[in-house]
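Below: one structure, written as structure tokens.
Every read-out reported here was derived from the displayed coordinates using simple, explicitly stated rules and does not represent laboratory data. What you are looking at is a predicted structure, and each value in this text was computed from that prediction instead of being measured. For neighbour counting, all protein chains shown are included, and Cβ atoms are generated from backbone atoms with ideal geometry for every residue, glycine included.
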């Protein structure tokens, strides 16, 4: 071989070594850095997806909570005030007037151990025609209050009572209304 060819081979060998050193010293660390950054990016994406999912669950819970809070605010209206049941008594008198029924209302004493919940017991005496008393009874059952009818006694008035009262039946109801604890 000639000396010129030896120089060309030497230069090519040197260039080959330079490319290999370039690859190991610059490109390999660069690729390793890209791989590590990709893993970190994937980890961040997974964490972001988890946080987004938790955020959606929290927003859903927050919306459910506000809906339940609105529903709970309306729930207070179904309880009768234990200290002043004036609204409930007014409802009974108005309903009796609308049904053309005479009404006598009395508050009964609470019986210990009668209920787990705070309740008021009432005795209602309804006097009127049979159909009007039944209308009143239906209105009481569909009232915007929590009411439990404990007993119902119905009897027809005697002819003498009908002449005096102008009514023909008497319904005696014992009802329980659940009350709010305002103590």
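Each principal axis of the range 1-77 carries a Cα extent, and these read 110, 12, 9 Å when sorted largest first. Spin-label model, residue 100/residue 25: points 7 Å from Cα along the beta carbon direction are separated by 11.2 nm.
Hydrodynamic estimate: the Kirkwood radius of the chain over Cα pairs, inserted into Stokes-Einstein at 4 °C and 1.567 mPa s, corresponds to D of 54 µm²/s. Go ahead and estimate [θ] at 222 nm for the chain from helices alone: -39,500 (n - 2.57) per DSSP H run with n ≥ 4, summed, over the residue count, rounded to 500. Calculated from helices alone, the mean residue ellipticity at 222 nm is -19000 deg cm²/dmol. If R0 is taken as 45 Å, the Cβ-Cβ distance between residue 155 and residue 73 corresponds to a FRET efficiency of 0.60. When 19, 178 are sorted by how many other C-beta atoms sit within 10 angstrom of their C-beta, beginning with the fewest, the order is 19, 178.
Against the main long axis of the alpha-carbon atoms of the chain, helix 28-75 sits at an angle near 10°.
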